[in-house]
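The values are calculated or read from the model by the stated rules, or taken from the named source; none is laboratory data. Owing to the predicted nature of the structure, the values given are computational and were not obtained by experimental measurement. Using ideal geometry, Cβ is built from the backbone for each residue, glycine included, and neighbour counts are taken over all protein chains shown. To get the accessible areas, we keep the full protein, side chains included, count just its heavy atoms, and leave off ligands, DNA and RNA. Shrake-Rupley method; radii C 1.70, N 1.55, O 1.52, S 1.80 Å.
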Amino acid sequence: MPPVLAAFGIDPGVPSLLQRTLDGPAAPGLDCALHKKIPGLSLADHLPLNALRAFEVAARTGSFVSAGAELGVTAAAVSQQVKSLESTLGKTLFLRQGNRITLTEAGRALYPELEAVFSKLVGMTRELRAGPQRARLVVSALPSLAELWLVPALATYPDRQEIDLRIEPDPVHFARAGVDLRVTYGALYYPDHHAQVLFRDHYIAVASPALARHAGADPASLADEQLIHTQWGPDYVNQPDWSQWFAALGHSRRPEPGTGLRTNQTSASVMAARGGIGVALVPSRLAAFEIAQGTLARVGHAEVRLTWDYVLVHPEAFVRRARLTRLTAHLMRSAQAGE
C-alpha cells in the first residue's frame, strides 16, 4: 500500500473513494487522521470538511474575500463556514477587525496541521491518478534561480527524469498546486513550513570577458550607460544596488538608475552582460556556472551581502518522504560544493 494511502488507512483499490472524500462525508481513514489534529471532536461527530477548507484558505490568503475568490463563493459564505467551525470547536480562530482578519493562538495552532492534512490529500489524489505509475516529484522554483543554479545542479541528480520542474514566482500553495518542494529566495511567504537554508550569497559585478578586461584596471570608471540595473519588483525591498557596490569599492558614486539597460530578471541581466551590453550585478552563486564556462568574468572585487538566504521549503508533513529527502540532500551537496 502506498505510504500516503496507508497514513489514512484507505484501500487504494477503491478509485471512487477520493471523489467521495472530496465531495461528500469524510472517509473513515481520513476522519481518523483529521480527528487527531482537532481535539474535541469524537469519531461520532460529522467532520465539517467545507468549514475546515474555508478556514485553511482564509488563513493562507489572509482575508475572507480572497478565500471566497479562490473557492468560488462569497466572502460572507466563507465567514459563515468559519463561524460554524468555531462553534464546533468552541474556539475563536480569527480576530475580526473590519475587513481584516488575524489568526488567534488557536488558529495559529490549527492552520499548519490542517494545511499538512490537505497536502496529504493532494498526494493521495496524485497517487490514485497515477495508478501503477510512480508519481512524479514536483519542484517549484523562481525563474532565474531555476535557470542559473537549479538546472545545472539537477544535471548530476540520478533521478532527474522523475522531476516536474515548475518556474513561478512566490508564493505557491503546496496543497492546491501539488508542489513537493519550493526552491526560493527567503522563506517569508512560508512561515508554517519546513525551511532549510540552501546557501547564503552576495552580489558581484560581471561582464563579458572582453569588457571585464577593459574595466579591470579601474571599475569605478565605468560609465552609467554601461551599468545594467536589475529590478526584482515591488515585493523586494532590497535589490542589487550599484551605489552599494561602489561603496564597497570605497567610492561614494551614485549612478543614475534611469541610465543604462534595466531588466526585471537576474537571468536577463546575465544574458545582457554575456552579450557585451554592459556590467550586471548578480548573486555570485547564480553567476558561478557562466564564470566557470568562461562566458562571464568578474569585474572588481567588491561584493554586497544579500538580505535573505536561498532556501528549500516544503510542508512539515513531507519531512519523511524518501524521494524528497534524497533530492534535498543532493541539492544541499551541490550548494556546499559551490562554496
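Considering only the range 254-268, how many residues are polar (S, T, N, Q) and under 18 Å from ALA141 (Cβ atoms)? Talk me through it step by step, then tell me what you get.
Of all residues in the range 254-268, those polar (S, T, N, Q) come to 259, 263-267.
Those left that are additionally under 18 Å from ALA141 (Cβ atoms): 264-267.
Final tally of qualifying residues: 4.
Given the criteria part of a helix (DSSP H, G or I), in contact with a Lys or Arg (Cβ under 9 Å, 6 or more places away or on another chain), modelled with pLDDT under 95 and open to solvent by 10 Å² or more (accessible area, probe 1.4 Å), does VAL172 qualify? Reasoning before the result, please.
Working: part of a helix (DSSP H, G or I): no; in contact with a Lys or Arg (Cβ under 9 Å, 6 or more places away or on another chain): yes; modelled with pLDDT under 95: yes; open to solvent by 10 Å² or more (accessible area, probe 1.4 Å): yes.
Criteria not met by VAL172.
So, in the range 177-235, exactly how many residues are within 16 Å of the chain's Cα centre (by Cα) and assigned to a helix (DSSP H, G or I)?
The total comes to 1.
Let me confirm something: among ARG274, ARG320, which residue is of a type in the set (D, E, K, R) and touching a helix residue (DSSP H, G or I) at 6+ places or on another chain (Cβ under 7 Å)?
Numbers: ARG320 fails: touching a helix residue (DSSP H, G or I) at 6+ places or on another chain (Cβ under 7 Å).
Unique residue meeting the criteria: ARG274.
Step by step: first the residues of the range 306-326, then only those that are of a type in the set (A, V, I, L, M, F, W, C) and open to solvent by 30 Å² or more (accessible area, probe 1.4 Å), then the one that is farthest from the chain's Cα centre (by Cα). Which residue is that?
To start, the set of residues in the range 306-326 that are of a type in the set (A, V, I, L, M, F, W, C) comprises 306, 308, 311-313, 317-319, 322, 324.
Checking which are open to solvent by 30 Å² or more (accessible area, probe 1.4 Å) leaves us with 308, 317, 319, 322.
Numbers: TRP308: 14, ALA317: 16, VAL319: 16, ALA322: 20 Å.
Looking at the filtered set, the residue picked out is ALA322.
When residues of the range 42-72 are filtered for being touching a residue at least 12 places away in the same chain (Cβ under 8 Å) and either open to solvent by 70 Å² or more (accessible area, probe 1.4 Å) or in a helix (DSSP H, G or I) (or both), how many remain?
Counting residues in the range 42-72 that are touching a residue at least 12 places away in the same chain (Cβ under 8 Å) and either open to solvent by 70 Å² or more (accessible area, probe 1.4 Å) or in a helix (DSSP H, G or I) (or both) gives 19.
Would you check if there is a residue in the range 153-163 being touching a helix residue (DSSP H, G or I) at 6+ places or on another chain (Cβ under 6 Å), open to solvent by less than 50 Å² (accessible area, probe 1.4 Å) and of a type in the set (A, V, I, L, M)?
Here is the first cut: in the range 153-163, the residues touching a helix residue (DSSP H, G or I) at 6+ places or on another chain (Cβ under 6 Å) are 153-154, 157, 160.
Remaining after also requiring open to solvent by less than 50 Å² (accessible area, probe 1.4 Å): 153-154, 157.
Then keep just the ones that are of a type in the set (A, V, I, L, M); that gives 153-154.
Yes, the range 153-163 contains a residue that is touching a helix residue (DSSP H, G or I) at 6+ places or on another chain (Cβ under 6 Å), open to solvent by less than 50 Å² (accessible area, probe 1.4 Å) and of a type in the set (A, V, I, L, M).
Consider SER334 against the criteria (1) more than 25 Å from ALA210 (Cα to Cα); (2) open to solvent by 50 Å² or more (accessible area, probe 1.4 Å); (3) in a helix (DSSP H, G or I): it satisfies all of them except one. Which criterion is unmet?
(2)
Any idea which of (1) free of Cβ contacts under 8 Å to residues at least 24 places away in the same chain; (2) crowded, with 21+ Cβ neighbours inside 10 Å is the one VAL82 doesn't satisfy?
Going through (1) free of Cβ contacts under 8 Å to residues at least 24 places away in the same chain; (2) crowded, with 21+ Cβ neighbours inside 10 Å one by one, VAL82 breaks only (1).
Among the residues of the range 100-122, is there at least one that is under 30 Å from THR230 (Cα atoms), out of contact with any Phe, Trp or Tyr (no Cβ under 8 Å at 6 or more places or on another chain) and open to solvent by 70 Å² or more (accessible area, probe 1.4 Å)? Outline the logic, then answer.
Initial filter on the range 100-122 (under 30 Å from THR230 (Cα atoms)): none.
No - not one qualifying residue is present in the range 100-122.
So which helices (runs of 4 or more DSSP H) stay within the range 236-305 end to end and still have 1 or more residues that are surrounded by 14 or more Cβ atoms within 10 Å (Cβ to Cβ) and among the basic types (Lys, Arg)?
Values: elements: 242-249, 266-274, 284-293.
Output list reads 266-274, 284-293.
On the basis of being over 22 Å from TRP242 (Cα atoms), part of a helix (DSSP H, G or I) and either among the β-branched types (Val, Ile, Thr) or out of contact with any Lys or Arg (no Cβ under 8 Å at 6 or more places or on another chain) (or both), does ARG323 make the cut? Spell out how you get there, then give the answer.
Numbers: over 22 Å from TRP242 (Cα atoms): yes; part of a helix (DSSP H, G or I): yes; either among the β-branched types (Val, Ile, Thr) or out of contact with any Lys or Arg (no Cβ under 8 Å at 6 or more places or on another chain) (or both): yes.
Against the criterion (over 22 Å from TRP242 (Cα atoms), part of a helix (DSSP H, G or I) and either among the β-branched types (Val, Ile, Thr) or out of contact with any Lys or Arg (no Cβ under 8 Å at 6 or more places or on another chain) (or both)), ARG323 qualifies.
Please enumerate the residues belonging to the range 203-227 that are charged (D, E, K, R) and either open to solvent by less than 10 Å² (accessible area, probe 1.4 Å) or in contact (Cβ under 8 Å) with a residue 24 or more places away in the chain (or both).
Going through the range 203-227, the residues charged (D, E, K, R) turn out to be 213, 218, 224-225.
Listed by number, the residues that qualify are ARG213, ASP224, GLU225.
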